[in-house]
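Asker: Have a look at the structure that comes next, please.
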Amino acid sequence: MNAVLGFAQMLQYDPQHPLLPTQNEYVENILEGGGHLLKLINQILDLARIEADQTSLSLEELNANAVVTVCLNLIRPLGKTNGVTIASKLDGKPLSFLRTDSNRFKQVLINLISNAVKYNKDGGTVTIDGHETDDKFLHISVSDTGHGIDKDDYPGVFQTFNRLHADPMTAKEGTGIGLSVSKMLVEQMSGRIGFDSEVGTGSTFWFELPLATNEDVLIWADSLRVGVDAIDRDHQTLILFTNKLSYSSIDEHEVGDVIGNLIDYAHFHFRREEEIMRVCDYPGLEIHRDFHRDLAAQIHELSESWRKEQNQETLHNLRKFMRDWLIGHVKHEDTKITLYTKGKGEDITQALETLKLARNITSQTIQ
């Protein structure tokens with residue numbers, strides 16, 4: 001695709017053989033269509049990398065206010081083209097510092113602002129605002145004065161290839177991938193994302209990322225990567241459940257559901273990890289299995305304590321226990337498994353498929 005665009009540009013800017021107006025119009029069509037297709041290809045590749053857990057986060061402490069300013073300067077020309085005014089309420093507010101990936105943070109914010117401009121009305125406005133939450137997240141919102149989203153369309157907003165405003169009167173050029181990628185990236189950075197919208201009034205898309213001072217969340221990074229895909233994906237899921245227990249917006253009923261999911265998935269992960277060790281003839285299997293039994297018992301004890309008393313201190317202890325395990329045990333014990341998995345990829349895949357099948361049969365039998 002880059003080659004096609006490159007040759008088209010050479011045709012357009014060849015001083016020895018200038019194009020006729022009609023020919024130049026054809027080349028412009030090639031460049032416009034090719035640029036759109038290249039953007040689509042890059043987004044699909046980005047989506048595939050995220051889904052396959054092939055993206056790495058480069059964590060750093062950064063000034064969120066400064067990053068927002070950079071993104072606004074990049075998008076403002078697009079707003080002028082469409083007659084849309086872009087303003088920030090963050091100017092003059094106290095600085096907020098995040099520990100996150102700068103490029104991915106920019107990617108999410110630019111996507112939300114671009115959508116707010118794209119789906120706005122002529123002469124509309126886009127407003128960026130932000131504030132720090134009580135549970136130590138930075139809440140950033142992007143509001144527009146566009147057509148809004150019908151409530152029937154809410155469930156599909158973050159779905160891949162879903163395009164907002166399917167109505168041909170309001171539809172805009174797009175791929176339907178940007179919001180899906182943004183959601184995955186925000187969650188990978190241990191954040192959360194959502195929106196509010198009213199037809200005829202506009203929409204507000206928002207996302208939250210942990211502040212640099214937030215010690216209640218874990219961010220998946222290469223330092224926690226074991227090197228075995230199945231194990232790494234399990235650890236990411238366990239981190240996701242653990243982080244949900246840190247959200248101040250979660251109610252007591254939801255906490256119970258998250259804890260239940262956390263326990264179920266921990267047991268599921270233990271069985272998968274032990275099966276991988278068995279297939280690879282890992283010499284420390286029995287010792288590791290004892291670790292798992294001890295971990296499961298402690299998680300169960302803390303969860304039962306919370307269910308009886310619903311004490312916030314117990315919930316804090318559960319979060320701390322999960323963080324310590326996922327950092328300490330993973331780094332010092334699970335990384336040892338990798339040495340024994342070399343050349344065993346097919347055996348591991350087959351063993352996990354067999355385990356999954358047996359689990360499904362058992363579930364059906366119980367039902």
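The values are calculated or read from the model by the stated rules, or taken from the named source; none is laboratory data. None of the values given here were measured: they were computed from a predicted structure. Here the Cβ is made from the backbone with ideal geometry for all residues, glycine too, and neighbour counts use every protein chain on show. Note: accessible area is taken over every heavy atom of the protein model, side chains too, but ligands, DNA and RNA are not part of it. Shrake-Rupley method; radii C 1.70, N 1.55, O 1.52, S 1.80 Å.
Asker: May I ask you to evaluate 6.51 cos²θ - 1.76 cosθ + 1.60, the Karplus curve with θ = phi - 60°, for each residue of segment 147-153 and list the ³J(HN,Hα) values in order in whole Hz, giving x for glycine and proline?
Answerer: 6, x, 10, 5, 4, 5, 8
Asker: Of all alpha-carbon pairs in segment 48-156, indicate the percentage at a distance above 25 angstrom.
Answerer: Distances greater than 25 Å cover 31 percent of the Cα pairs.
Asker: Kirkwood hydrodynamic radius, computed over distinct alpha-carbon pairs, for segment 85-136: how many Å, to one decimal?
Answerer: 12.8 Å
Asker: Residue by residue, what Karplus-based ³J(HN,Hα) values in Hz, rounded to whole numbers, does segment 274-280 have, using 6.51, -1.76 and 1.60 with θ = phi - 60° and x for Gly and Pro?
Answerer: Along segment 274-280, the couplings run 5, 5, 4, 5, 5, 4, 8 Hz.
Asker: Rounded if a/c is under 1.5, else prolate if a/b is larger than b/c, else oblate: which is segment 1-43, with a ≥ b ≥ c the root eigenvalues of its Cα gyration tensor?
Answerer: oblate
Asker: Considering only protein heavy atoms and a probe of 1.4 Å, how much of the accessible area of the chain is carbon and sulfur, as a whole percent?
Answerer: 52 percent
Asker: Taking every pair of alpha-carbon atoms in the chain, give the share separated by more than 31 Å as a whole percent.
Answerer: 49 percent
Asker: For V126, list long-range residues whose amide hydrogen, built 1.01 Å from N in the peptide plane, is under 5 Å from its own amide hydrogen.
Answerer: Result for V126 returns T85, I86, A87.
Asker: Next question, about the same structure. Enter the accessible area per residue of segment 230-367 (Å², integer; probe 1.4 Å; all protein chains in place).
Answerer: Per residue, segment 230-367 has an accessible area of 56 Å².
Asker: Separate question: Please list 103-110, 5-12 highest first by mean number of surrounding beta-carbon atoms within 10 Å per residue.
Answerer: 103-110, 5-12
Asker: Now for a separate question. Taking θ as phi - 60°, what are the ³J(HN,Hα) couplings along segment 97-114 by the Karplus curve (6.51, -1.76, 1.60), each to the nearest whole Hz, with x for Gly and Pro?
Answerer: My calculation for segment 97-114 gives 10, 10, 10, 7, 9, 4, 5, 6, 4, 4, 4, 5, 5, 4, 5, 5, 5, 4 Hz in order.
Asker: Let me ask something additional. Tell me which lysines have Cα within less than 27 Å of K320's Cα, excluding those fewer than 8 residues away on the same chain?
Answerer: Leaving aside lysines fewer than 8 places away in the same chain, those within reach of K320 are K136, K183, K244, K308, K331, K336.
Asker: Percent of alpha carbon pairs in segment 227-367 separated by more than 17 Å?
Answerer: 62 percent
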